[in-house]
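Data block below; observations after.
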Amino acid sequence: MSAVPSPFVWDQTFCVANDEINGQHKRLFELIDALDKNRTCAQTLKDLLDLVTVHFKTEEDKFAQVGWENAKAHKEVHDKFVQDALAVKVVDDAVITFLKEWLVHHIQGEDMKYKGKL
């Protein structure tokens, strides 16, 4: 898996061959970067969590449509992230590092497993 990019932006190494999901991934990068630049912005954190919910549902719905065999395990990873993210009370260096590393590793490790199958 690749290191966290700096600047923190989506590039073709994160392409999962699905325009809708790629667009959501790009927006997740943007929101995490915005949160890093303004850690006290409650609206950005809310927007990020809202998009995470929409994005995970998008992926999971697509898994169901094609009967993807790894859907259950992938959803469990999503559920764990939501649980961890909802526990965030203060956005500090550790939270930003967690968010950036999780997104990068999740896309390049987990999401690439469905590339070309949705």
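The values are calculated or read from the model by the stated rules, or taken from the named source; none is laboratory data. Keep in mind that this is a model prediction, so the values were computed, not measured. Quick reminder, even Gly has a Cβ in these numbers, built from the backbone with ideal geometry, and neighbours come from all protein chains shown. These accessible areas exclude ligands, DNA and RNA; they are computed on the full protein's heavy atoms, side chains included. Shrake-Rupley method; radii C 1.70, N 1.55, O 1.52, S 1.80 Å.
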Check: the chain dipole with +1 on Lys, Arg Cβ and -1 on Asp, Glu Cβ, in debye = 80 debye
Which value at 222 nm does the chain reach when only helices count, each DSSP H run of 4 or more adding -39,500 (n - 2.57), with the total divided by all residues and rounded to the nearest 500 deg cm²/dmol?
-> -21000 deg cm²/dmol
Once phi for every residue in segment 109-117 is put through the Karplus expression 6.51 cos²θ - 1.76 cosθ + 1.60 (θ = phi - 60°), the whole-Hz ³J(HN,Hα) values, with Gly and Pro written as x, are x, 8, 5, 5, 5, 9, 4, x, 10
Karplus-derived 3J(HN,Hα), 6.51/-1.76/1.60, for each residue of segment 26-40, Hz, glycine and proline x | 4, 5, 4, 4, 4, 5, 5, 5, 5, 5, 4, 7, 9, 6, 9
Across all Cα atoms of the chain, Rg and the largest Cα-Cα distance (Dmax), in Å, are 13.8, 41
Relative contact order (%) - criterion: Cα under 8 Å, at least six apart; region: the chain | 44 percent
So the carbon and sulfur contribution to the accessible area of the chain, 1.4 Å probe, in percent, is 55 percent
All other residues with a Cβ under 12 Å from the Cβ of ASP36 taken together, and with Lys, Arg as +1 and Asp, Glu as -1, what is their net charge?
-> -1
Considering only the other residues whose Cβ falls under 13 Å of the Cβ of ALA73, what net charge follows from Lys and Arg at +1 and Asp and Glu at -1?
-> -3
Over segment 52-118, average the accessible area per residue using a 1.4 Å probe and give it in Å², no decimals.
-> 55 Å²
Links exceeding 32 Å between C-alpha atoms in this model, out of LYS89/LYS115; LYS72/LYS100; LYS37/LYS72, come to LYS89/LYS115; LYS37/LYS72
